[in-house]
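Structure record follows, encoded as structure tokens.
The values are calculated or read from the model by the stated rules, or taken from the named source; none is laboratory data. Please read these numbers as outputs of a predicted model, since none were measured by experiment. Positions of Cβ are generated from backbone atoms using ideal geometry, with glycine treated the same way; all protein chains shown enter the neighbour counts.
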Amino acid sequence: MAEKLPAWMRSVAAFAAPTPPAEMPVAFAFRVSLLRMPGQPNPVTASFQEVSGLEHSLNTEDVPEGGENRFVHQLPTQPKPRRLQLKRGLVQRDGSFVGWCRRHLQGGLGDPLQLIDVQVQLIDADRRPLMVWACNNAYPVRWSVNGFESQRNEVAIEEVELVYQTLVSPS
């Protein structure tokens, strides 16, 4: 095809964006695994409708330029706190994940935190992992249920928010 193009167009074609793969991964096919769950020797797989909070970011400090009022420098300080939000339909309350959350959120600080690792896997049509993110040393800080309204015909959704220390993401 490039041979049929005039010379001036062939040089432009060399800078064109690469053709995307035939099948791009879809964001609705994912799996969440909970590792190092207390009392569970194997990873626990949990189902969620939505996962968010996989991010790396830094806080910055604004420093005005001395003598030049048009500029403000933004200097990096420390990483922003990381929070992973897991949303799903309200389910039975007797699972190991729910029990772990309940112990931390209702038990106060009398017992030490039991940290877990959370893996979020983007999977293909054959349920093989395409990309894996690992949120290490996580513990629950919030559990909530969305509001109930008689005018809505929706599933009751619960949200669990976990704080995690580090995120290992695909390169």
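Among the residues of segment 117-143, how many are in contact (Cβ under 8 Å) with a residue 60 or more places away in the chain and surrounded by 12 or more Cβ atoms within 10 Å (Cβ to Cβ)?
Residues in segment 117-143 being in contact (Cβ under 8 Å) with a residue 60 or more places away in the chain and surrounded by 12 or more Cβ atoms within 10 Å (Cβ to Cβ): 13 in total.
Test ARG70 against the stated conditions and say whether it is modelled with pLDDT of 85 or more and out of contact with any strand residue (DSSP E or B) (no Cβ under 9 Å at 6 or more places or on another chain).
Details: modelled with pLDDT of 85 or more: yes; out of contact with any strand residue (DSSP E or B) (no Cβ under 9 Å at 6 or more places or on another chain): yes.
Taking the combined requirement at face value, the residue satisfies it.
Would you confirm whether or not segment 151-158 contains a residue that is on the phi > 0 side of the Ramachandran plot and of a type outside the set (Val, Ile, Thr)? First the steps, then the outcome.
Taking segment 151-158 and keeping what is on the phi > 0 side of the Ramachandran plot, we get none.
Among the residues of segment 151-158, not one is on the phi > 0 side of the Ramachandran plot and of a type outside the set (Val, Ile, Thr), which makes the answer no.
On the basis of being surrounded by 14 or more Cβ atoms within 10 Å (Cβ to Cβ) and farther than 28 Å from GLN40 by Cα, does ASN146 make the cut?
On the way: surrounded by 14 or more Cβ atoms within 10 Å (Cβ to Cβ): yes; farther than 28 Å from GLN40 by Cα: yes.
Yes.
Quick one: which strands (runs of 3 or more DSSP E) sit completely within segment 33-116 and have at least 1 residues that are surrounded by 10 or more Cβ atoms within 10 Å (Cβ to Cβ), out of contact with any Asp or Glu (no Cβ under 6 Å at 6 or more places or on another chain) and without any contact (Cβ under 8 Å) to a residue 60 or more places away in the chain? Even if it seems obvious, please write down each step before you answer.
Working: elements: 44-46, 50-52, 58-64, 72-79, 82-89.
In segment 33-116, 44-46, 50-52, 58-64, 72-79 are the strands (runs of 3 or more DSSP E) which contain 1 or more residues that are surrounded by 10 or more Cβ atoms within 10 Å (Cβ to Cβ), out of contact with any Asp or Glu (no Cβ under 6 Å at 6 or more places or on another chain) and without any contact (Cβ under 8 Å) to a residue 60 or more places away in the chain.
Going by the structure shown, is GLU3 at pLDDT below 85 and in contact with a helix residue (DSSP H, G or I) (Cβ under 9 Å, 6 or more places away or on another chain)?
Values: at pLDDT below 85: yes; in contact with a helix residue (DSSP H, G or I) (Cβ under 9 Å, 6 or more places away or on another chain): yes.
Yes: the conditions hold for GLU3.
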